[in-house]
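These notes are about the structure you will find just below.
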Amino acid sequence: MSKLVFAAVILLLGASALDAADPGIVAKQTSSWRAQHEREILAEFTEVLAIPNIAGDQPNIDRNVKAIRAMLEKRGLKTQVLTIDGASPIVVADIRVPESHRTIAFYAHYDGQPVDASRWTSDPWKPVMRNGKAKEVDWRSAKSIDPEWRFYARAAGDDKTPIIGMLAALDALRAAGMKPSVNLRFVFEGEEEAGSPHLAAYLAKYPDVLRPAAWILCDGPVHQSGSMELYFGARGTVGLDLTTFGPVKGLHDGHYGNWVPNPIVRLTHLIDSMRDENGKILIAGFYDGLKAPTESERNALAKIPDVEPALRREFQIASTEGDAKPLNELLMLPALNVRGIESGHVGADASNTIQTEARASIDFRLVPPETPESVKALVERHIESLGYKIVREKPGASVRLAYNKIVQVVWGAGYPPARTALDLPLSIELATIMTAAGHDPVRLPTMGGSIPMYLFQQPNDTPVIGLPIANHDDNQHAADENIRLQNLWDGIEIFACLFTKLTPD
């Protein structure tokens, strides 16, 4: 080989290496590969979506574990199944990069919400494709696959899409001759929709496996604008059931109204004392000491696209709570939501009765530095300041006769909030790679929902960042859950870019 030809080859190889290192090139190569393998991706997706995945349904949970493990091992990944008595297994798979001293874990969950099949247009365990007019289409024999089509099935959006997206990204990289730049760990949980009751125990039992350098949580929908999103925090949560009591038996309100206390009226006044119509929490001390947004968080909030007019039209509401503050600013604050009230009947079933009791279900969304314990103390102090006797069980005759106002307080499970700084190196790195790949993400300082991010942060404040890929209107947790294909395609591209562009140290 002449020196001139040799030099040309070296230049070409160098250019190729530089191109492969650029996220935009990786995204294009991945997109090209995906376009040629869409039916293969969807066929594999169909198989895993067809397996029922409700937490607690152990036979089907085991089927999911077996299927996901087989998908991982088929791609040559070192895979293990973590177990704890009474818990759904966690599937873990690793790709080791000898040059890297950094392990990044990508998390998703394979379990899904329970279903009421009568509310679904089709069987939730038989995935179907529909076009923009909600008409079923035969994607297997179609001449081309429209990226606006949607796959309908339980867990299509929440949360099996990231699993198939990650695996397809690995396939695309292998086809292009590219390798990950960092040690990758895939962690797929099976109890997220049940509140992750055993996650803390898993983290404690398997610290060598479940304590990577950082976590990327691939759960949830993208921003309502349709743009991809990174979220850096999640509000904590704690639930509360309140029951107020009236007479020991139902009474005719004509004979005893305005004399025998009405438990429904007492309950509604108790709720009114805790929260006003604009969502402001009225409990003394509730906002004391809250962590103010950082400069980075304020800058990110200012850049979030304004989707509120479109959301008001979609939800058919003329106004909002929060004294007209923007939605994403309100997500930085705690919230009190009344989930339901139960007592008596209405309409044709209503009767002229003073009911024996009334019950409300409430949930609090928490922000740093609040904890479930700190909120419980404030709420109970407030209730007692109104003259109520707090009980933990339904009161007997002696308690009823001894106290004027009685409320049964039952707290649910909860967990604290968590946030990762937007100016951490990993936070900047993820956003930079995504932007270079053509998917400039919305940076959300905290999402409104609650997930136990704080567990992943322990014990050394490990960075935890959310990277959802599902469409915002995926009907997660509801009937006719779906995934828009373009969201899956975009997710495959981003996973491929992150796998190859995260720094090894």
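The values are calculated or read from the model by the stated rules, or taken from the named source; none is laboratory data. Since we're looking at a predicted model, the values are computed, not measured. All Cβ positions, glycine included, derive from the backbone under ideal geometry; neighbour counts span all protein chains shown.
Kindly indicate which of 87, 117 is out of contact with any helix residue (DSSP H, G or I) (no Cβ under 6 Å at 6 or more places or on another chain) and within 28 Å of residue 145 (Cβ to Cβ).
The match here is 117.
Looking at 373, 342, 357 in this structure, which one is surrounded by 17 or more Cβ atoms within 10 Å (Cβ to Cβ), out of contact with any Leu (no Cβ under 6 Å at 6 or more places or on another chain), among the acidic types (Asp, Glu) and modelled with pLDDT of 95 or more? I'd like the intermediate steps shown before the answer.
On the way: 373 fails: surrounded by 17 or more Cβ atoms within 10 Å (Cβ to Cβ); 342 fails: surrounded by 17 or more Cβ atoms within 10 Å (Cβ to Cβ).
Residue meeting the stated conditions: 357.
Any idea which of (1) under 18 Å from the mean Cα position of the chain (by Cα); (2) under 29 Å from residue 114 (Cβ atoms); (3) buried (at least 19 other Cβ atoms within 10 Å of the Cβ) is the one residue 463 doesn't satisfy?
(2)
Return a yes/no flag: does the range 165-178 have any residue that is in contact (Cβ under 8 Å) with a residue 60 or more places away in the chain, within 20 Å of the chain's Cα centre (by Cα) and crowded, with 17+ Cβ neighbours inside 10 Å.
Within the range 165-178 (the criterion being in contact (Cβ under 8 Å) with a residue 60 or more places away in the chain, within 20 Å of the chain's Cα centre (by Cα) and crowded, with 17+ Cβ neighbours inside 10 Å), the answer is yes, since at least one residue qualifies.
Give me a count of the residues in the range 479-501 that are among the small types (Gly, Ala, Ser) and part of a loop (DSSP other than H, G, I, E, B).
1
Mind checking which residues of the range 378-424 are closer than 30 Å to residue 466 by Cβ and hydrophobic (A, V, I, L, M, F, W, C)?
378, 379, 411, 413, 418, 421, 422, 424
List every residue pair whose Cβ atoms lie under 8 Å apart, where the two residues are 6 or more positions apart in sequence or sit on different chains, the first residue falls within the range 256-274 and is without any contact (Cβ under 8 Å) to a residue 60 or more places away in the chain, and the second residue, located anywhere, is surrounded by 17 or more Cβ atoms within 10 Å (Cβ to Cβ) and in a helix (DSSP H, G or I).
Cβ pairs passing all conditions: none.
Against the conditions (1) under 25 Å from residue 372 (Cβ atoms); (2) more than 26 Å from the chain's Cα centre (by Cα), where does residue 291 fall short? Just the number, please.
Against the list (1) under 25 Å from residue 372 (Cβ atoms); (2) more than 26 Å from the chain's Cα centre (by Cα), residue 291 comes up short only on (2).
Go through (1) over 30 Å from residue 214 (Cα atoms); (2) without any contact (Cβ under 8 Å) to a residue 60 or more places away in the chain for residue 83 and report which single condition fails.
Only one criterion is unmet by residue 83, namely (1).
A quick yes/no check of all residues on (1) in contact with an Asp or Glu (Cβ under 9 Å, 6 or more places away or on another chain); (2) touching a residue at least 40 places away in the same chain (Cβ under 8 Å); (3) outside the structural domain of residue 265 (by TED's automatic domain parsing):
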| residue | (1), (2), (3) |
| --- | --- |
| 301 | yes, yes, yes |
| 306 | no, no, yes |
| 348 | no, no, no |
| 376 | no, yes, no |
| 387 | no, no, no |
